[in-house]
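S.K.: Let me begin by handing over the structure; questions about it come next.
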Amino acid sequence: MLKKTRITIAAAVMTLITLLFLDFTGTIRCWAGWTAKIQFLPALLALNIVVVAALIVLTLIFGRIYCSVVCPLGIMQDLISSLRKKKNRFSFSPEKKWLRYAVLAVFVLALILGVHALVALLAPYSSYGRIAQNLLCPVYEAGNNVLAAIAKHYGSYAFYSVDIWIRGIATFAVAVVTFVIIAILAWRNGRTYCNTICPVGTILSFFARFSWMKIRIDADKCRTCGKCSRNCKASCIDFKNMKVDYSRCVVCGNCLENCSFDALHYTRRPAAKPAEAPAETVPATDTGRRNFLVGTALAASSTLLAQEDKKVDGGLAVILDKQPPERTTPLTPPGSISAANLHRRCTACQLCISQCPNGVLRPSTDLMTLMQPFMSYEDGYCRPECNRCSSVCPTGAIQPLSLADKSSTQIGHAVWVGKNCIPLVDRVECGNCARHCPAGAIEMVPMNQADRNSLKYPVLNEARCIGCGACEYVCPARPFSAIYVEGHEVHKTI
Amino acid sequence: MANDINRRNFLKALGGGVVASSALLAACTGKDRKGAASQDAAAGQMTMRVNHNTGDKVGLLGYGMVRLPSQGRTIDQDMVNRQVDYAIEHGVNYFDTSPAYSQGLSERATGIALHRHPRDKYFIATKLSNFSASTQTREGSIAMFETSLKELQVDYIDYLLLHSIGGGNDAIAEFNQRFMDNGILDWLVEQKAIGRIRNLGFSYHGDIAVFDMLLKWMDEGRYHWDFVQVELNYLDWEWANEINRRNTDASYLYEELTKRSIPAVIMEPLLGGRLANVPEKVVQQMKQMRPEDSIASWAFRFAGSHENVLTVLSGMTYMEHLQENVKTFSPLDPLSEKEEKFLLTIAEDIYNLKDIPCNECNYCMPCPYGIDIPGIFSHYNKMNHEVNMPDKKQSPSYRKQRRAFLVGYDRSVPRLRQANHCVGCNQCSPHCPQRINIPRELRRIDTLVENLKRDGKVEDTTI
């Protein structure tokens with residue numbers, strides 16, 4: 001019963017949260033956005049006391065069920081582990097206390113000192129987000145594009161095709177490595193990651209030790225056959241001593257199902273004191289080589305894709321790809337309040353990036369802000385009718401923002417680069433930036449003040465500019481736009 | 001009727017035995033295929049017109065060698081040969097090319113294909129396409145004419161045209177620069193005198209002042225025009241001027257030519273294919289009246305029904321188009337008075353759709369800023385025809401139409417080539433034979449798209 005309930009809830013949560021990452025149309029976020037917001041670490045960073053308190057109370061009552069039915073990385077490990085059909089493959093191993101606490105200490109320290117990249121690497125929900133965004137999204141989008149091609153063939157507008165692109169190679173590599181390591185650990189020993197490395201698991205284990213409901217062994221019925229231990233993916237049942245390590249038990253219920261003597265129960269009776277067990281070393285895995293190979297193969301295939309893109313059509317002028325300008329201050333999305341707020345709270349789950357419909361958000365490659373989102377306008381700009389990133393962010397790094405508020409939030413200001421501007425370079429009429437500025441911050445002024453019909457160049461009113469990048473995106477100058485947006489460290493309201 | 005009887009016979013004979021029935025069929029219909037509509041017109045049935053200047057017997061369907069079959073960027077010469085063979089076999093004998101067509105490869109391909117036939121079996125029409133400054137000198141223009149002879153592998157041209165007069169911002173000045181200041185028109189008249197040109201004429205698009213001037217010269221006896229090539233179809237007949245005030249109705253052009261007994265060669269009978277792709281309502285009406293005829297055949301019959309027309313040009317890229325058109329013209333069934341009235345009524349319907357009158361001739365391309373101008377206009381017109389224009393927010397189908405317009409837009413034109421990237425440099429407009437104010441139309445579409453995008457609901461901001 002426990003196992004069935006667990007699997008049902010886990011399947012539902014996993015499906016929703018995965019779809020949340022995959023759904024580029026932005027429909028699912030309207031009713032599944034909560035699955036990201038109930039994650040422990042994001043809620044903690046968002047100072048969402050209600051969720052954090054609820055999760056702690058939940059753990060105090062039921063034990064670490066969070067790890068079994070809420071955390072997508074945990075559910076992913078169960079999935080991978082269950083693919084291996086071999087029975088009785090686990091065994092009890094004592095708690096690696098020193099490792100767990102060391103990792104937690106490093107994590108807390110990183111959080112306090114603002115070594116964000118380390119926080120992001122260790123955060124379990126974010127690891128799953130990166131895996132979903134980098135590894136699953138391309139597959140999902142490719143499937144969608146096949147449907148779009150079929151729809152196009154039949155003249156239907158039900159599906160539209162989307163660009164499949166790797167947002168950032170560093171983040172992609174991190175996602176691949178994380179996935180490979182966790183997949184191997186899960187394949188071999190079930191929940192090793194959750195019980196030795198995961199900081200959220202360690203935090204919850206403090207509460208789980210004292211949980212009201214627990215798996216308990218009935219000493220009268222137990223024949224110490226060891227079947228429970230051999231099927232415990234958390235390796236937390238010491239059947240010889242009839243003890244369960246509740247700090248590691250994720251309440252999966254597998255032991256209950258496997259006991260032939262009805263000796264195990266999930267009940268609220270008080271338990272005997274847990275005994276300390278001697279430490280053992282973690283099984284080491286050689287994943288380096290495999291990671292390298294996978295990485296190389298993927299890099300090679302992405303180069304091929306890039307070459308295919310550069311096809312030239314007969315009667316069409318070649319369009320150079322735009323290059324991002326070197327912005328002094330990186331652009332952060334409206335709602336993030338300031339670069340500092342984004343930096344402090346973001347766990348780099350990539351949800352905002354996967355939701356951005358305009359190809360604006362992408363993960364940073366800078367070491368200090370590694371994998372956190374920043375904006376660039378080569379493929380699109382921050383359109384006025386969209387505030388998706390702010391609506392999905394679970395950590396409060398990007399805070400909810402209405403469209404009206406967005407239109408008055410200045411995230412940066414445009415800068416004109418005369419030497420690229422085509423009225424000056426090609427001597428042709430343009431004004432595309434002024435035409436597309438949603439804030440009306442650009443005016444075209446004749447170069448020769450005496451002659452009103454002379455070619456015009458753009459003049460900026462920085463006070464009205466909100467930094468959306470429409471001007472930069474539609475600017476015909478290539479590869480560098482003649483007008484680009486410089487970020488503001490702290491966003492202003494105009 | 002003959003087909004009906006055959007089918008009935010066939011059904012009757014089916015009981016009697018397949019052998020008997022097929023024998024019967026073979027006897028009655030020659031090469032007709034069982035149960036299929038006839039695609040192939042018999043040779044020798046093409047309607048012919050006589051050019052009273054030279055006595056040329058010209059097939060009423062002329063072959064425009066403008067968009068030749070190609071494989072990638074090279075001409076598919078085998079296919080050109082096959083299609084030319086088929087055309088000649090079925091009475092098409094007027095081949096219209098230009099040094100500018102098919103990215104400059106048309107004359108050579110046409111020459112290769114035609115050279116395999118006796119010289120008296122076909123008429124070649126080519127043009128003096130001296131549009132760029134380098135070919136507007138006397139030497140440049142003469143060299144262009146001589147190159148045409150060489151490429152076409154002939155020593156005389158049957159029909160030579162001053163290519164597309166009436167273009168440019170000042171059409172009279174442009175005409176003078178191309179043909180008068182360099183004395184090239186007089187040189188061409190000399191060439192006609194010595195037999196290297198058999199008929200001298202011009203093709204006209206655009207400013208009516210040049211057309212009127214040239215006909216006045218003929219009235220005054222200064223120059224003689226053996227033929228004139230104009231755009232004529234049931235939409236342009238009465239609506240060309242309404243569609244674009246800078247253009248002239250075909251009815252005026254045709255009457256002016258007929259008055260002077262100048263044979264008219266017809267271009268754009270299908271308006272670049274737009275009259276083969278008419279609104280669904282019109283399709284139903286046409287199919288009700290003539291269920292077995294294609295939509296395009298109506299436009300060809302309209303052009304061909306005018307007695308003073310020498311030939312109706314069609315740029316047939318595919319064998320199927322050639323076969324279908326040959327069928328329409330073998331022989332041409334002239335429009336009845338009722339049918340003509342019907343076409344002029346639906347012309348009004350089509351005009352009222354306010355299409356952008358782009359024929360996708362690609363003369364405006366390539367846009368130096370990479371915009372796919374014909375692609376954008378074609379998408380706009382397609383939406384217009386499918387009655388999918390999301391112009392009324394109150395309409396219950398607005399959301400659906402909005403989606404169709406935006407999804408279809410991204411499908412038809414890559415984002416970087418869409419209207420919002422038009423800088424408005426206006427280098428395209430002077431090249432447009434339909435004289436469309438291209439930047440203005442692009443801006444209009446851009447505004448429409450921008451408004452549609454801003455009207456995105458929470459769940460569909462992507463598109």
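S.K.: Give me the inter-chain shielding for B:365-373: mean count of other chain Cβ atoms within 10 Å, whole number please.
M.R.: 5
S.K.: Give me the dipole magnitude in Debye, nearest 20, for chain A about the Cα centre, with unit charges on the beta carbon: positive for Lys and Arg, negative for Asp and Glu.
M.R.: 2460
S.K.: Kindly compute the accessible surface that chains A and B hide from a 1.4 Å probe when together, both sides summed, and give it to the nearest 100 Å².
M.R.: 3300
S.K.: Additional query: So if we plug the beta-carbon distance of B:A143 and B:Y223 into 1/(1 + (r/R0)^6) with R0 = 25 Å, what FRET efficiency do we get, rounded to 0.05?
M.R.: Taking R0 as 25 Å, the efficiency between B:A143 and B:Y223 is 0.65.
S.K.: Counting only Cα, what are the radius of gyration and maximum Cα-Cα distance Dmax of region B:258-376, in Å?
M.R.: That works out to 15.8, 49 Å for Rg and Dmax.
S.K.: Something else now. Is there a simple number for the mean count of other chain Cβ atoms within 10 Å of the Cβ of residues in A:465-476, and what is it?
M.R.: Partner Cβ neighbours, averaged per residue: 2.
S.K.: Okay, moving on. May I ask what percent, to the nearest 5, of DSSP beta bridges between residues of the protein assembly as shown are antiparallel?
M.R.: Counting DSSP beta bridges with both partners in the protein assembly as shown, the antiparallel share is about 50 percent.
S.K.: If you don't mind, there's one more thing I want to ask. Can you list residues from other chains, or at least 5 along the same chain, whose modelled amide H is less than 5 Å from the amide H of B:I197?
M.R.: Answer set, sorted by chain and number: B:I157, B:K192.
S.K.: Here is a follow-up. Could you give the C-alpha radius of gyration of region B:48-352 expressed as a fraction of 2.2 N^0.38 Å, taking N as the number of residues it contains?
M.R.: Rounded to two decimals, the normalised Rg is 0.97.
S.K.: Treat each spin label as a single point 7 Å out from the Cα along the C-beta direction, and report the A:K85 to A:D451 distance in nm.
M.R.: For the pair A:K85/A:D451, the computed spacing is 8.3 nm.
S.K.: Taking the solvent-accessible surface of protein heavy atoms with a 1.4 Å probe, what is the per residue accessible area of the protein assembly as shown in Å²?
M.R.: 45
S.K.: With 23 Å as the limit, write out which pairs from B:K127/B:K354; B:K327/B:K382; B:K287/B:K382 have Cα-Cα distances beyond it, or answer none.
M.R.: B:K127/B:K354; B:K327/B:K382
S.K.: Here's something else I'd like to know. Output the DSSP H helices from chain A with an along-axis C-alpha extent of no less than 27 Å and a mean Kyte-Doolittle hydropathy no less than 1.6.
M.R.: Length and hydropathy pass: A:169-189.
S.K.: When all protein chains stay in place, what accessible area (Å², nearest 10, 1.4 Å probe) is found for B:W237?
M.R.: Around 30 Å² of this residue is reachable by solvent.
S.K.: Cut-off 16 Å, label point 7 angstrom out along Cα-to-Cβ of A:R268: give me the residues of region A:201-217 whose amide nitrogen falls inside.
M.R.: Under cut-off, by backbone N: A:210-216.
S.K.: Continuing with the same structure: With all protein chains present, calculate the accessible area of A:T493 using a 1.4 Å probe and round the result to the nearest 10 Å².
M.R.: About 120 Å², ignoring ligands and nucleic acids.
S.K.: What order, most packed first, do the peptides B:279-286, A:166-173, B:138-145 have when packing is the mean number of other Cβ atoms within 10 Å of each residue?
M.R.: Going by the mean number of other Cβ atoms within 10 Å, highest first, we get A:166-173, B:138-145, B:279-286.
S.K.: Nearest 0.05, what FRET efficiency do B:E340 and B:S132 give at R0 = 45 Å with Cβ-Cβ as r?
M.R.: According to the calculation, E is roughly 0.65.
S.K.: Report the number of Lys pairs in region A:310-493 whose alpha-carbons are under 18 Å apart, with separation of 8 or more residues or on distinct chains.
M.R.: Here the count comes out as 5.
S.K.: Which value, in debye to the nearest 20, gives the size of the charge dipole of chain B about its Cα centre, when Lys and Arg are +1 and Asp and Glu are -1 at the Cβ?
M.R.: It works out to roughly 1440 debye.
S.K.: Given the options B:T248, B:Q394, B:W187, identify the residue whose Cα lies farthest towards the positive end of the charge dipole of chain B (+1 on Cβ of Lys, Arg; -1 on Cβ of Asp, Glu).
M.R.: Positive-most Cα among the choices belongs to B:Q394.
S.K.: A further question follows. Just to be sure I understand: of the beta bridges DSSP finds with both ends in chain B, what percent are antiparallel, rounded to 5?
M.R.: 15
S.K.: Would you work out which of B:I266, B:T147, A:P363 lies farthest towards the positive end of the dipole of the protein assembly as shown, given +1 charges on the beta-carbon of Lys and Arg and -1 on that of Asp and Glu, about the Cα centre?
M.R.: Projecting each Cα onto the dipole axis, the largest value belongs to A:P363.
S.K.: On the accessible surface of the protein assembly as shown, probed at 1.4 Å, how many percent belong to carbon and sulfur atoms?
M.R.: 57
S.K.: In region A:157-179, what residues drop by 40 Å² or more in accessible surface going from the chain by itself to the full protein assembly, probe 1.4 Å?
M.R.: A:Y157, A:Y160
S.K.: Which one, A:A397, A:A450, A:C430, is farthest towards the positive end of the dipole of region A:310-493 when Lys and Arg carry +1 and Asp and Glu -1 on their Cβ?
M.R.: Of the options given, the answer is A:A397.
S.K.: With r as the distance between the Cβ atoms of A:I494 and B:R454 and R0 = 22 Å, compute the FRET efficiency 1/(1 + (r/R0)^6) and round to 0.05.
M.R.: 0.65
S.K.: With +1 on each Lys and Arg Cβ and -1 on each Asp and Glu Cβ, and nothing else charged, work out how big the dipole of region B:373-460 is about its Cα centre, in Debye to the nearest 20.
M.R.: The dipole of region B:373-460 has a size of about 100 debye.
The values are calculated or read from the model by the stated rules, or taken from the named source; none is laboratory data. These numbers were taken from a predicted model, which means no experiment stands behind them. Neighbour counts are summed over all protein chains in view; Cβ atoms, including those assigned to glycine, are modelled from backbone coordinates with ideal geometry. These area figures cover heavy atoms from the full protein model, side chains too; ligands, DNA and RNA do not enter into them. Shrake-Rupley method; radii C 1.70, N 1.55, O 1.52, S 1.80 Å.
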